[in-house]
1. For LYS15, what accessible surface area do you get with a 1.4 Å probe? Give it in Å², rounded to 10.
2. With a 1.4 Å probe and all protein chains left in place, how much accessible area per residue does the chain have, in Å²?
3. Can you give me the C-alpha center-to-center distance between region 218-234 and region 125-174, rounded to a whole angstrom?
4. Applying a 10 Å radius around every beta-carbon, put 143-150, 193-200, 220-227 in order of their mean neighbour count, most first.
5. Take every Cα pair under 8 Å in the chain that's 6+ residues apart, average their separations, divide by the length, and report that relative contact order as a whole percent.
6. On C-alpha positions alone, give me the angle between the axis of helix 3-15 and the longest principal axis of the chain, in degrees, nearest 10.
7. Set Lys and Arg Cβ to +1 and Asp and Glu Cβ to -1, take the dipole of the chain about its Cα centre, and tell me which of VAL133, SER199, ILE44 lies farthest positive.
8. In debye, nearest 20: dipole of the chain around its Cα centre with unit charges on the Cβ of K, R (+) and D, E (-)?
Amino acid sequence: MDELGAAIDAIADAKRFSGVVRVHDGHHVRVAKAYGFAHRGYEIPNSADTQFAVASGTKGLTALAVVSLIEAGSLALTTTARSVLGKDLPLIRDDVTIEHLLAHRSGIGDYFDEDNVGDITDYAMPVPVHELVTTEHYLRVLDGHPTNFAPDERFSYCNSGYVVLALIAERTSGTPFHELVRERVCRPAGMLDTEFLRSDELPGRAALGYLTVDSPRTNVLHLPVRGSGDGGIYSTAADTSTFWRALFAGRIVGEDWVAEMVRPRSDVPRERKRYGLGFWLHESTSTVLLEGYDAGVSFRTAHDPERQVTYTVISNTTRGAWPLARLIEASLFGGG
């Protein structure tokens, strides 16, 4: 075992980490480890191929589904949300475009404003979670939120924007959003274990999300029963590595569009990062990141396309991924 693997084991033990860690160096898997339980009641252990919810890690896949429709000529970055939404969601300004939504620069009101949520484990959803199954069902929670600022005025992370993007993609393509992501992102990438699962009927290899490191309470009443454009897809650590290789090889959208998506649109000093279209970007290097954080979920993955180094940490607890992510980033990239 190398020094990084030993350090990962030490922190995983000290923090009672539950989840998976994978470090990919070129074509070599340097670390692939699983810890804790996918189901605590039955003591089913997590494994390398356990499926985990990745929360807002979904946004990168949503962005790619939308950009694939742009690449096909069905949409454009300048397409307005209003041209697709019609009379729905009237508080969204008529000049909000797809590019504004992808870049978190739309200014639209957020149904789940993370700056105003108390504790992430609160019961924060405004409607019963079992009522949020299809993307059209989200219209109820998207409506009624006033505009916060004019489009392109500034960056403001917005979950609503990515559900609106899912609605736009679904209505434009005529394909349900969950199927669209499968057909336009997961299938060409070779991500066979990545899917929008229902949290109340998880298959055998999927991990339950737990609110704390030691509680038997799960997150099934905290999050939409089936996710949409802003979060909720399930994946594996191996699929995440596959995703990065496929993305930068141009197998999901063309390489010119990949370059456009990872071109910085905003500096986000409080996160010590920048943002492109659907992807977080390291503040000063070419490293590209996806991350997610919800009740019972924490996820972070990063890829350096110049050095071909990738890491993924996924936890089925609320804050479990962060200590290991910080350790690995310091080792691979010299810090966050």
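The values are calculated or read from the model by the stated rules, or taken from the named source; none is laboratory data. Quick caveat: nothing in here was measured; it's all calculated off a predicted structure. Please note: Cβ atoms are built from the backbone with ideal geometry, for glycine as well, and neighbour counts cover all protein chains shown. Remember, those area values only see protein heavy atoms, side chains included, never the ligands or the DNA or RNA. Shrake-Rupley method; radii C 1.70, N 1.55, O 1.52, S 1.80 Å.
1. 120
2. Heavy-atom SASA per residue in the chain reads 41 Å².
3. After rounding, the separation between the Cα centres reads 14 Å.
4. The packing order, highest mean first, is 220-227, 193-200, 143-150.
5. With pairs under 8 Å counted, the relative contact order is 25 percent.
6. Here the helix axis deviates by roughly 80 degrees.
7. The one lying farthest along the dipole's positive direction is ILE44.
8. 260
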